[in-house]
1. Tally up the residues in the range 155-175 that are closer than 17 Å to Tyr128 by Cβ and either free of Cβ contacts under 8 Å to residues at least 60 places away in the same chain or in contact with an Asp or Glu (Cβ under 6 Å, 6 or more places away or on another chain) (or both), please.
2. For the list (1) polar (S, T, N, Q); (2) open to solvent by 50 Å² or more (accessible area, probe 1.4 Å); (3) at pLDDT 95 or above, I need the number of the one condition that Gln114 fails.
3. On the given criteria, is Arg178 within 24 Å of Leu213 (Cα to Cα) and free of Cβ contacts under 8 Å to residues at least 24 places away in the same chain?
4. Identify the residue in the range 94-152 that is in contact (Cβ under 8 Å) with a residue 40 or more places away in the chain and touching a Lys or Arg at 6+ places or on another chain (Cβ under 6 Å) and, among all such residues, is nearest to Ile33 (Cα to Cα).
5. Looking at the range 42-84 only, could you name the residues that are among the hydroxyl-bearing types (Ser, Thr, Tyr), crowded, with 17+ Cβ neighbours inside 10 Å and farther than 10 Å from Ser17 by Cβ?
6. Looking at the range 206-224, I want the residues that are without any contact (Cβ under 8 Å) to a residue 24 or more places away in the chain and have a partner that is open to solvent by 100 Å² or more (accessible area, probe 1.4 Å) with Cβ atoms under 8 Å, at least 6 apart or on another chain. Which pairs are those?
7. For the range 69-128, give me each residue that is farther than 18 Å from Met1 by Cα, touching a strand residue (DSSP E or B) at 6+ places or on another chain (Cβ under 7 Å) and of a type in the set (Lys, Arg).
8. Looking at Leu45, Leu37, Leu7, Leu54, which is the one that is in contact with a helix residue (DSSP H, G or I) (Cβ under 7 Å, 6 or more places away or on another chain), aliphatic (A, V, I, L, M) and within 29 Å of Gly173 (Cα to Cα)?
Amino acid sequence: MGGQIALSLALGGLKVSLWGRRATSLIEVQQRIETDLAYMIEVGLVSANPEEILDRIKTTEDLMEAVTNATFVLEAIVEDLSQKQQLLAQVEKHVSDTTILSSTTSALSATALQSALKHPERFAIAHYAQPGHLVRLVEVVPGKQTSEETTQFVIDLLQQCGKSPVPCPDIPGFLWARIQHAILREFVSLVGQGLVTPEVCDTVLKEGYAVRLPAMGCFEHADLAGLDLIDSEAARAVWADLSNVTSPADTMIGELKQSGQLGMRSGQGFYDWTVRDSEAFKRNRDEEIVRRMLIQAGGEVHPPQQN
């Protein structure tokens, strides 16, 4: 994720210092950045000289070197509150009094993270969604002590880089992950009851909602359908029947986890990834995201040529 964010910032014309603990990991991330940029150029998302973009990204194992003189520092380490707090506090010792600090966490509280800082008013979360160099949406989450100037700085910087920043409240899951969990909770419940399969649920999302959502959000749909229909007897029956389980451990997710079936990286989760090609899946995911980006940018998307 750090490499994807670095590329995103460099595409916005910013000079980036990418820090990593190990030289080997920095070499790997450099290679991924080059691959990702080449792909963006190939599909027409980027027309600039790749060497100019890559020259904006420097790598280092020296944290002090990475952050000294920086105007904006964003960490993308493991989702652990204590480790993030320690790193941010360490960074704060080496930056100026005007440097803005950030995190790309998807779950940890902005207020909790900034509590480890001497200047919490200069911190706000910038949550990038995977893949960070392609998805335009970035959630900007201020903590209780974040200044309005800091929040606006992060929003402006993201807009400069071609992103679509949205301010979000500092609540569990913010907005993106919160809705994602709500959908997953309901579908996991239905799969656990034996009513549907994971394949059916994913098809409903990809072939149904994903097609319509770019043109109409849930509140727009509610107004279109009519709020009297949304509050009808049939709708109330649906709401009453929705899952309200409070922990993933109490669902099929907990059962799969206990048996060591952790998903793609273990080879088995809801799907059998020893049969499905995980790299092809991620490649196809990126291609579909790019298709949508080209459409939004007013570009032409041509269907595959028939043999």
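1. 11
2. Among (1) polar (S, T, N, Q); (2) open to solvent by 50 Å² or more (accessible area, probe 1.4 Å); (3) at pLDDT 95 or above, Gln114 violates only (2).
3. Considered against the rule, which asks whether it is within 24 Å of Leu213 (Cα to Cα) and free of Cβ contacts under 8 Å to residues at least 24 places away in the same chain, Arg178 comes out as yes.
4. The residue in question is Arg136.
5. Passing the criteria: none in range.
6. Close Cβ pairs satisfying both conditions: Met216/Leu224.
7. Within the range 69-128, just Arg122 meets the criteria.
8. Details: Leu45 fails: within 29 Å of Gly173 (Cα to Cα); Leu37 fails: within 29 Å of Gly173 (Cα to Cα); Leu54 fails: within 29 Å of Gly173 (Cα to Cα).
Unique residue meeting the criteria: Leu7.
The values are calculated or read from the model by the stated rules, or taken from the named source; none is laboratory data. Source: prediction; values computed, not measured. Quick reminder, even Gly has a Cβ in these numbers, built from the backbone with ideal geometry, and neighbours come from all protein chains shown. Note: areas computed on protein heavy atoms with side chains; ligands, DNA, RNA excluded. Shrake-Rupley method; radii C 1.70, N 1.55, O 1.52, S 1.80 Å.
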